[in-house]
1. If C:Pro127 satisfies all but one of (1) within 12 Å of chain A (Cβ to nearest Cβ); (2) within 19 Å of A:Leu80 (Cα to Cα), what's the number of the condition it fails?
2. Taking the stated definitions as given, is B:Leu144 surrounded by fewer than 19 Cβ atoms within 10 Å (Cβ to Cβ) and over 25 Å from B:Ala198 (Cα atoms)?
3. Which numbered condition in (1) open to solvent by less than 50 Å² (accessible area, probe 1.4 Å); (2) in a loop (DSSP other than H, G, I, E, B) is the only one that C:His83 fails?
4. What do you reckon, is B:Ala220 within 30 Å of B:Arg27 (Cα to Cα) and touching a Phe, Trp or Tyr at 6+ places or on another chain (Cβ under 7 Å)?
5. Within region C:1-77, considering only helices (runs of 4 or more DSSP H) that don't extend past its boundaries, which have at least 3 residues that are in contact with a strand residue (DSSP E or B) (Cβ under 6 Å, 6 or more places away or on another chain)?
6. What are the residues in region A:146-193 that are in a helix (DSSP H, G or I) and of a type in the set (Val, Ile, Thr), if any?
7. Just checking: which of the helices (runs of 4 or more DSSP H) contained wholly in region A:1-119 hold 1 or more residues that are open to solvent by 10 Å² or more (accessible area, probe 1.4 Å) and more than 10 Å from chain C (Cβ to nearest Cβ)?
8. Taking into account only those residues within region C:86-95 that are part of a helix (DSSP H, G or I) and open to solvent by 10 Å² or more (accessible area, probe 1.4 Å), which is farthest from the other protein chains (Cβ to nearest Cβ)?
Amino acid sequence: MRAFLAILRRDMAVALAQGAATLLSVAFFVVTITLFPLGVGPDPATLARISSGVLWVAALLSVLLSLDRLFQADHEDGSLEQIGLGPLPLELVVLAKVLAHWLSTGLPLILAAPVLALLLNMPVSGLPVLLLAMALGTPILSLIGAIGAALTLGVRRGGVLLSLIVLPLYIPVLIFGVAAVDASISGLGARPHLLILAAMLAPSLVLAPLAAGASIRLALE
Amino acid sequence: MSGLPWAALAATSSAMHRFANPTVALRLADRLMPWSASLCAGLFVVGLYYALVASPIDYQQRDTVRIMYVHVPAAWMALGVYAMMATASAVGLVWKHPLADLSAKAAAPIGAGFTLICLVTGALWGQPTWGTWWVWDARLTSVLILFFLYLGYMALWQAYDDPGRAARAAAILALVGVVNLPVIKFSVDWWNTLHQPASVFTLQGPKIDPSMLKPLMLMAGAYLAFFVTVLIYRLKAEILARRASVLRRARAEP
Amino acid sequence: MMVLEARDLACLRGDRVVFEHVGFRLGPGEVLLLEGPNGSGKSSLLRLLAGFLTPLAGRLLWQERDIAEEGEAYRRTIAYVGHLDAVKPMLSVEANLRFWADLHGATGQALERALDFFELAELRELPARLLSAGQRRRLNLSRLLVREARLWLLDEPSVSLDRHSVALLGEAMEAHRAGGGMIVAATHLDLGLAGAARLRLGGETGT
């Protein structure tokens with residue numbers, strides 16, 4: 001437990017010390033979203049209709065862009081191999097680092113989302129479900145992303161490959177995240193969609209650390 | 001296939017035994033190949049005859065129903081090849097047998113091909129029947145994800161220089177992608193999709209007419225034989241390429 | 001009895017056999033120095049010993065048991081210094097070392113001792129990105145002292161160190177031996193370790 005907290009604390013300290021780099025993914029989130037009204041026109045009705053999709057796509061891409069922070073730096077400076085020699089199994093190391101990644105990336109996105117949703121003219125009735133869906137969905141994005149990030153450690157053109165591997169796996173989160181918000185706005189009830197998101201989070205919590213842990217072990221050879 | 005090589009190499013370095021002795025595999029491949037190739041050709045001729053000529057037209061879909069005889073077996077193969085690839089990957093990871101890794105690698109492009117055929121023929125059928133080339137329903141989307149998984153798997157193999165590491169990284173990805181298989185299979189039952197539910201592999205047995213079942217099964221057999229033939233061919237190529245690289249390295253060393 | 005034993009080891013990287021038929025036996029207080037030209041597998045052997053690589057053939061035994069089976073128990077007994085310093089540039093010297101101490105459950109005293117020994121105490125508040133290469137290497141080495149690892153695996157530990165720091169390193173290694181510790185090191189410099197065993201890699205393999 002102490003080792004788990006040590007990793008979590010250090011990753012948070014690194015994220016804070018690199019404040020700018022951490023805020024970058026939120027900035028990217030905001031900028032991407034402001035592009036849509038410029039692209040599809042400022043008509044409030046149109047924006048309201050696409051708001052949930054735009055928010056989710058932007059969140060997905062922001063998380064994707066931040067994934068290289070997850071293991072890359074630690075791999076390059078040798079920290080990862082030293083952590084691998086530590087008392088904590090790599091699976092739990094992955095979990096600690098994913099938690100830190102979510103706290104420094106997913107959480108700020110969730111906090112920024114309501115404001116941006118209002119800017120996109122999303123009905124206020126959709127906001128609670130949006131927050132709930134993002135609270136369930138963004139950890140899945142970090143977890144699945146960890147698999148891709150670990151698989152592409154020390155690989156040529158890792159960034160492009162990472163997108164190719166991770167984005168398809170993100171599609172279900174996108175579909176149900178958007179469906180939940182749209183369902184609540186149209187008064188259909190978002191419960192089934194939120195339950196599916198929760199049902200995806202549970203196995204991700206087990207599978208992702210296993211797969212990412214194995215991939216890191218491979219990268220340390 | 002004889003003479004040079006594996007034995008001589010093994011003498012140079014006793015450690016080489018890890019690469020197993022692929023001459024056995026190669027000999028088996030040569031033995032099997034003509035059989036599966038002719039089976040494949042025969043089944044295709046008979047299957048296509050029934051599919052395109054000797055089967056009744058559908059009273060609703062008219063002749064477009066014939067696309068199904070190409071589409072449905074391709075979908076089965078897309079899933080089946082992935083399942084085989086994931087199984088081979090698991091075997092490769094656990095028992096570290098290079099032949100299992102190479103089988104998975106050799107199967108991937110074939111599976112991607114079947115998936116692409118499935119998607120394209122589906123679109124061609126969807127246009128006259130549903131009035132649209134593509135809908136974003138669960139079945140179609142999950143098959144598209146399958147296609148991307150194949151591509152990611154192949155790209156990951158390419159990305160590593162060390163074949164041993166490439167094999168293990170790709171195997172991990174293949175196993176992660178297995179979660180997509182039940183989603184594809186059951187997507188038509190779990191969600192209200194435009195795509196029709198299963199009609200051949202159901203608990204109550206096939207729900208379609210025997211006159212349609214016959215060409216379907218013949219075509220499925222032809223696809224399977226095609227897969228086996230090409231897999232053997234590709235596997236042989238992989239083994240020879242691997243051997244060539246080992247030889248080249250042995251020559252480069254003092 | 002703390003004994004590290006390698007029997008008939010072989011190591012494969014890519015499609016290349018780096019070395020084979022390597023064996024040695026190391027008891028408490030003993031030092032093994034690895035020698036050989038570039039590419040002869042010194043680093044690979046150390047990474048085998050650290051458990052990053054699995055041997056292609058042969059066995060690695062710690063107290064008569066396979067290190068792969070020992071798992072965490074074995075990892076707890078080793079400390080590894082590789083080519084990379086594992087220093088986070090944005091964190092202070094002390095924060096860097098404190099993380100490793102926390103990770104391994106070491107005490108605050110051990111941390112102070114390590115900082116003092118490698119003469120980093122005055123730099124403790126400094127962000128590690130301001131350190132020189134030699135100072136960064138000393139910070140890396142001080143990780144050896146924050147915890148009680150029986151077996152040190154050192155891959156070129158004296159790189160970028162000045163003469164004084166090399167002497168400190170030699171002192172630390174000597175003290176580790178005196179306490180019954182074991183060391184396997186690949187180094188070009190003579191660290192003045194009396195009675196160290198030597199293992200020559202390269203030359204025997206191939207035809």
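The values are calculated or read from the model by the stated rules, or taken from the named source; none is laboratory data. These numbers were taken from a predicted model, which means no experiment stands behind them. So basically every Cβ, Gly included, is an ideal-geometry build from the backbone, and we count neighbours across all protein chains shown. Each accessible area value is taken on the protein alone, full model and side chains, heavy atoms only, with ligands, DNA and RNA left out. Shrake-Rupley method; radii C 1.70, N 1.55, O 1.52, S 1.80 Å.
1. Failing condition for C:Pro127: (2).
2. Against the criterion (surrounded by fewer than 19 Cβ atoms within 10 Å (Cβ to Cβ) and over 25 Å from B:Ala198 (Cα atoms)), B:Leu144 does not qualify.
3. Condition not satisfied by C:His83: (1).
4. Against the criterion (within 30 Å of B:Arg27 (Cα to Cα) and touching a Phe, Trp or Tyr at 6+ places or on another chain (Cβ under 7 Å)), B:Ala220 qualifies.
5. The helices (runs of 4 or more DSSP H) meeting that bar are C:42-50.
6. Across region A:146-193, the qualifying residues are A:Ile147, A:Val160, A:Ile165, A:Val166, A:Ile171, A:Val173, A:Ile175, A:Val178, A:Val181, A:Ile185.
7. Where helices (runs of 4 or more DSSP H) fall fully within region A:1-119 and carry at least 1 residues being open to solvent by 10 Å² or more (accessible area, probe 1.4 Å) and more than 10 Å from chain C (Cβ to nearest Cβ), they are A:2-17, A:19-40, A:44-66, A:68-76, A:90-101, A:107-119.
8. Among those that are part of a helix (DSSP H, G or I) and open to solvent by 10 Å² or more (accessible area, probe 1.4 Å), it is C:Glu94.
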